[in-house]
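Report on the following structure.
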Amino acid sequence: MLSERKGERITATEGGPDAGLPPRIALVVGLGNPGLRYAGTRHNIGFMVLDRWAKRAGFRFRPDGRAEVARHEGVYYLKPLTYMNLSGEAVGPFCRRYRIAPAETLVVVDDLDLPPGQLRIRPRGSSGGHNGLKSLIAAWGTADFPRLRVGIGRPPAGGDPVAWVLGRWPRAERPAWEARLDRAVDALQAILAEGLEAAMSRYNRTE
């Protein structure tokens, strides 16, 4: 059970030396689909990154309404259990409950248009056709929220994108993906510790 009071404002201090900078991250959302059927699929990159970060940092998720939620060192972590296309139905109410603004919420998401493992950190942007991001934008009424995109690449010519995102990596590719997921966790840790701008300059580079 989360100990913070409902309605407690989670935000950076206004004024002072940090005034004018983007707000600190108060919530990290990893997008994915719940259940064993979808575990380990490309579309569940967001869940994988949060699970790896939880293991590295030493915290655990617990059920909380329509999501699994944790809090560690002042930051909330949330995995929606609504399925990808309805992610906003879990995230929107949680943010209203704890008064967390979209700009304070980092979303970790898979990206078909990036090569496998390539990272792209942005302070805002469109949905890029991603249904989970579309749902969040609809729930919040804005696309002004930061995101950590993790490339999964596109299927071979003629391949079905839906089958691709809901598929798993071949066994031969799994060692490479272990390293790629660890790098995504490194990027998340850098965002939390150093801020978006520093993390962008370090991780928004082609490997």
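The values are calculated or read from the model by the stated rules, or taken from the named source; none is laboratory data. Source: prediction; values computed, not measured. So basically every Cβ, Gly included, is an ideal-geometry build from the backbone, and we count neighbours across all protein chains shown.
One residue stands out among those in region 45-102 that are more than 23 Å from Ser126 (Cβ to Cβ) and of a type in the set (Asp, Glu): the one that is nearest to the chain's Cα centre (by Cα), which is Asp51. Only a single item in (1) at pLDDT below 95; (2) in a loop (DSSP other than H, G, I, E, B); (3) surrounded by 19 or more Cβ atoms within 10 Å (Cβ to Cβ) is not met by Ile25, and it is number (1). Leu2 satisfies every condition listed in (1) in a loop (DSSP other than H, G, I, E, B); (2) modelled with pLDDT of 70 or more; (3) touching a strand residue (DSSP E or B) at 6+ places or on another chain (Cβ under 7 Å); (4) not β-branched (Val, Ile, Thr) except (2).
Scanning region 39-85 for residues that are surrounded by 17 or more Cβ atoms within 10 Å (Cβ to Cβ), touching a Phe, Trp or Tyr at 6+ places or on another chain (Cβ under 9 Å) and among the small types (Gly, Ala, Ser) yields Ala54, Ala67, Ala70.
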